[in-house]
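Report on the following structure.
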Amino acid sequence: MDSLKLIARLMDYPDAQVQAHSQELRQTVNSDTEFSSDLKTSLLALIDEIYGGDLLDAQENYTHVFDYGRALSLLLFEHVHGESRDRGQAMVDLMALYESNGFAINVRELPDYIPLYLEYLSHRPESEAREGLADIAHILGLLCARLRQRTSNYAVLFEALILLSGEQVALQDLEKLAASEKPDNTAEALDKIWEEEQVTFGAGDAHDSCNSPKPPEQAPNPHTPSTPLHWVQNS
């Protein structure tokens, strides 16, 4: 499904190589047969917001949206298992699913990183891809509601995924929930998160340990610039 590849690219960290091909993203939006005209307009506006101006500004905005606090983490199991031990096994199971279908990840992200999961689904039969989205529809809805609460245009990506999943998600109820939550991207909240013990899954450096954010004044960019999502299909 080309629409899933499109959304994966837009949900990933803004990249110069993708910016060079942003016209292709627009063409994919315009040629889609499932998105409404309003949804297409919003997606095109997001493409312009990310890739129509200074890339550094887009990267800074992305970092502030997704990398400060856990509420908008793009790691699926962050919202399912938190820091429990079950998360480690879930990672192993997801990697086994990828490998059983002939895919190997060649970027430095955890397997439950949503853009990677979308990229995987985009290579599966349509019915399986929709089922994979349906499995995480509630998480997608919660992220959508939180992004709307913060007036972020990235919310449209999750609206599109919910549509493709075919699931009925009570976004209004989730928005009420999001409105009642305490912000986790304030300096005080970030300090508290940074002080908590991090959980590491297997060997790897600190970047691969739950992607827990650091306070803004000392947080390095956790993403590798100019490394768009790419999958290698095993022979």
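Read-outs throughout are calculated quantities, based only on the coordinates presented, and are distinct from any laboratory measurement. Everything numeric in this text was worked out from a predicted model, so none of it was measured. With ideal geometry, Cβ positions are generated from the backbone for all residues, glycine too; neighbour counts draw on all protein chains shown.
Odds and ends about this structure:
- Packing-based exposure ordering (other Cβ within 10 Å, fewest first) of Val29, Val80: Val80, Val29
- For peptides 30-37, 87-94, sequence by mean Cβ density within 10 Å, most packed first: 87-94, 30-37
- Couplings for the stretch 52-59, taken from phi via the Karplus curve 6.51 cos²θ - 1.76 cosθ + 1.60 with θ = phi - 60°, read x, x, 6, 5, 4, 5, 5, 5 Hz in order; Gly and Pro are left as x.
- Going from the fewest other Cβ atoms within 10 Å to the most, the residues His123, His79 appear in the order His123, His79.
- Prolate/oblate/rounded label for the stretch 2-198 (Cα gyration tensor, a/c 1.5): rounded
- Take 142-155, 52-65 and order them by the average number of nearby Cβ atoms within 10 Å per residue, most first; the result is 142-155, 52-65.
- Protection-proxy order for peptides 163-171, 17-25, 132-140, each taking the mean of Cβ atoms within 10 Å per residue, highest first: 132-140, 163-171, 17-25
- Rounded to whole Hz, the Karplus (6.51, -1.76, 1.60) HN-Hα couplings of the stretch 18-29, x for glycine and proline: 5, 4, 5, 10, 5, 5, 5, 4, 5, 5, 5, 4
- Radius of gyration and Dmax over the Cα atoms of the stretch 1-101, both given in Å: 16.3, 44
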